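Derivation of every value follows stated rules applied to the coordinates shown; laboratory data play no part. Since this is a predicted model, take the numbers as computed values, not measurements. All Cβ positions, even for glycine, are placed from backbone atoms using ideal geometry, and neighbour counts span all protein chains on display.
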Amino acid sequence: MSPKLLIYLTLVAMLVVFTAPAAEGTFLLFACLTGSPLCPFRTTTPVCPKADTTYNPITRECA
């Protein structure tokens with residue numbers, strides 16, 4: 001491997017490290033807008049099988 005390639009790889013790695021906070025926010029926004037399971041703001045409330053029932057978090061059952 002040539003030294004020139006290693007220098008370029010180091011520069012690219014430094015750019016990635018310095019832009020990580022911006023990239024993380026963009027990734028989270030994209031994940032939430034697309035409905036991805038990686039979105040940290042997704043609800044964890046189970047979906048009841050019947051349409052006319054709602055989930056009760058105290059009893060942990062659909063009623």
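In table form, for the structure just shown:
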read-out	value
Number of positions in region 19-35 that are loosely packed, with under 10 Cβ neighbours inside 10 Å and either assigned to a helix (DSSP H, G or I) or in contact with a helix residue (DSSP H, G or I) (Cβ under 9 Å, 6 or more places away or on another chain) (or both)	3
Residue within region 2-13 that is surrounded by 10 or more Cβ atoms within 10 Å (Cβ to Cβ), in a loop (DSSP other than H, G, I, E, B) and without any contact (Cβ under 8 Å) to a residue 24 or more places away in the chain present	no
Matching option when the condition is touching a Pro at 6+ places or on another chain (Cβ under 8 Å) and either at positive phi or not hydrophobic (A, V, I, L, M, F, W, C) (or both), among THR45, THR10	THR45
